[in-house]
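Below is one structure; the comments refer to it alone.
The values are calculated or read from the model by the stated rules, or taken from the named source; none is laboratory data. As the structure is a prediction and not an experimental result, all values here were calculated from the model. With ideal geometry, Cβ positions are generated from the backbone for all residues, glycine too; neighbour counts draw on all protein chains shown.
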């Protein structure tokens with residue numbers, strides 16, 4: 001019996017971890033996140049600092065281990081490493097990320113010890129936000145990820161970013177813990193619990209009103225017709241001949257089909273096509289400012305526009321220079337109806353070991369290893385510049401439309417999203433290559449984090465992912481027509497000469513799916529067209545865009561002061577007492 005009693009706090013910590021990853025996308029059990037901290041808070045009763053750290057760490061290990069199970073498979077399939085090594089890396093990664101919860105519980109325990117009058121519903125949100133904001137991660141995520149597809153829960157991000165939603169989640173759990181404690185003790189709940197209860201009601205009520213308000217405002221702005229091409233083609237592993245040629249041909253064919261849908265009235269209008277990151281497989285020189293042309297009697301497979309003329313935003317690798325000294329960029333390019341390059345944006349935030357190697361120039365003896373494992377060393381962009389599509393036809397007449405490009409995981413970075421919005425785009429456009437992850441949880445988790453960029457800036461986002469999830473995100477954070485993530489099917493026509501493959505595609509037609517705005521091919525690669533009318537918003541001037549992470553900085557400063565001030569004062573007092581005793585003894 002005593003053994004079971006000692007085990008209960010650890011079981012409760014595990015339960016909290018399970019509730020956190022159980023509420024994470026694509027799980028439909030997001031309501032659990034509002035009370036996921038409850039078992040852990042129960043386990044922390046009477047715990048000292050060491051026990052609080054251990055219990056929080058256990059919760060964090062379970063939450064992150066269960067929340068990111070796609071990582072080992074990614075390492076095995078595309079890192080070329082043995083499964084044992086992949087699971088070792090995943091274990092270390094989980095131990096590290098689990099520290100987020102350990103620092104939260106330690107901080108709350110510390111405040112409870114030195115500031116006992118501060119209620120849990122206040123200390124827990126402050127410490128949680130401080131840790132989320134300060135903890136270093138390659139791929140930043142927040143407890144708010146659980147609410148990305150719940151519009152009413154995330155509207156406060158217009159002021160706070162995602163950390164405000166995290167604060168609401170743990171505040172709700174703290175409130176429930178205090179109310180259940182009062183019920184168990186058969187005492188009246190403390191009067192101050194009316195404050196968090198009132199805040200939750202106020203914020204959620206305002207959120208419901210704000211959604212309606214933003215929806216109403218969208219009726220008065222011009223719209224443009226956008227079609228995204230989701231080819232559902234995987235990663236080129238070098239084993240399939242003509243892989244790149246087939247990839248371009250599929251994008252071209254689906255683009256032609258999009259124009260056919262528009263001309264037949266199945267799409268109300270078509271003003272812009274979007275191809276995803278890595279959609280164009282050939283390195284393109286940066287001094288080339290127009291599309292390739294077919295020479296007489298031949299086909300140049302590098303040609304981008306074949307059979308369609310709608311302006312195009314596409315992902316491409318661009319090159320400056322020649323040979324080993326060439327600089328390579330991960331770029332987004334905007335082409336007009338005549339195939340001229342109107343503008344280019346270079347990815348600013350490159351992925352470590354995927355797109356750049358730290359200290360690459362100092363370790364030449366490892367360059368062959370990096371190339372063998374497909375680790376690139378690209379040059380990062382140094383500025384953000386919207387891409388302007390001049391004189392675009394909209395529902396309210398022609399106007400210049402400014403597109404704010406975000407490449408890959410730049411759409412999960414609040415500060416970078418704010419920087420992009422400060423460039424005064426009318427529409428955010430994210431192009432992503434998630435073919436590494438297939439139909440796992442990752443594409444949905446990535447999307448859930450990206451949703452916050454639209455709410456923070458009150459801008460729509462066109463989000464095109466090569467294997468899904470491709471969707472349109474409203475300024476309210478609501479999703480429009482969506483193509484789900486897929487495991488890329490193998491190509492039964494692999495190795496077929498590109499000209500023959502183009503002829504094969506000509507016989508295929510997309511058909512409408514049950515989701516409005518979604519049209520897909522029945523045969524390989526089951527590629528999709530995802531289309532919608534996108535509002536052309538005025539440049540963003542929200543609180544978050546203007547002032548940034550004020551809320552997170554305030555929580556960080558409060559947590560640092562609360563955790564550091566009183567203990568420092570106590571230590572100074574003890575030192576002073578020792579000095580006085582020494583003086584008296586002398």
Taking the conditions exactly as written (in the same structural domain as residue 276 (by TED's automatic domain parsing), crowded, with 20+ Cβ neighbours inside 10 Å and over 30 Å from residue 156 (Cα atoms)), does residue 527 satisfy them or not?
yes
Taking residue 276 as the residue in question, decide whether it is at pLDDT 95 or above, surrounded by fewer than 20 Cβ atoms within 10 Å (Cβ to Cβ) and closer than 30 Å to residue 222 by Cβ.
no
Looking only at the stretch 342-362, which residues are in a strand (DSSP E or B) and surrounded by fewer than 19 Cβ atoms within 10 Å (Cβ to Cβ)?
342, 343, 352, 356
Please state which of the following conditions residue 475 fails to meet, knowing it meets all the rest: (1) modelled with pLDDT of 95 or more; (2) more than 20 Å from residue 236 (Cα to Cα); (3) outside any loop (DSSP other than H, G, I, E, B).
(3)
Counting only residues in the stretch 1-21 that are without any contact (Cβ under 8 Å) to a residue 24 or more places away in the chain and either buried (at least 18 other Cβ atoms within 10 Å of the Cβ) or outside any helix (DSSP H, G or I) (or both), the one nearest to the chain's Cα centre (by Cα) is identified as 19
Do we have any residue at all in the stretch 477-498 that's closer than 20 Å to residue 275 by Cα, surrounded by 21 or more Cβ atoms within 10 Å (Cβ to Cβ), assigned by TED's automatic domain parsing to the domain that holds residue 440 and over 28 Å from the mean Cα position of the chain (by Cα)?
no
Selection over the stretch 383-425 where residues are surrounded by fewer than 19 Cβ atoms within 10 Å (Cβ to Cβ) and part of a helix (DSSP H, G or I) yields a count of 4
What single numbered condition from (1) surrounded by 13 or more Cβ atoms within 10 Å (Cβ to Cβ); (2) outside the structural domain of residue 135 (by TED's automatic domain parsing); (3) at pLDDT 95 or above fails to hold for residue 555?
(2)
Any residue at all in the stretch 316-336 that's closer than 18 Å to residue 228 by Cα and not in a strand (DSSP E or B)?
yes
So which residues in the stretch 22-40 are touching a residue at least 40 places away in the same chain (Cβ under 8 Å), farther than 28 Å from residue 116 by Cβ and not in a helix (DSSP H, G or I)?
23, 24, 25, 26
Being in a helix (DSSP H, G or I), under 14 Å from the mean Cα position of the chain (by Cα) and buried (at least 24 other Cβ atoms within 10 Å of the Cβ) is the requirement here; does residue 455 meet it?
yes
Can you tell which of 302, 269 is surrounded by 13 or more Cβ atoms within 10 Å (Cβ to Cβ), closer than 19 Å to residue 474 by Cα, in contact with a helix residue (DSSP H, G or I) (Cβ under 9 Å, 6 or more places away or on another chain) and in the same structural domain as residue 340 (by TED's automatic domain parsing)?
269
Just one of 249, 262, 258, 227 is at pLDDT 95 or above, in the same structural domain as residue 459 (by TED's automatic domain parsing) and within 27 Å of the chain's Cα centre (by Cα); which is it?
227
Exactly one condition in (1) loosely packed, with under 14 Cβ neighbours inside 10 Å; (2) outside any loop (DSSP other than H, G, I, E, B); (3) without any contact (Cβ under 8 Å) to a residue 60 or more places away in the chain is not met by residue 220; state its number.
(2)
Output the helices (runs of 4 or more DSSP H) that fall wholly within the stretch 41-146 and possess 2 or more residues being closer than 22 Å to residue 12 by Cβ, over 19 Å from the mean Cα position of the chain (by Cα) and in contact (Cβ under 8 Å) with a residue 12 or more places away in the chain, or say none.
49-67, 83-114, 120-134
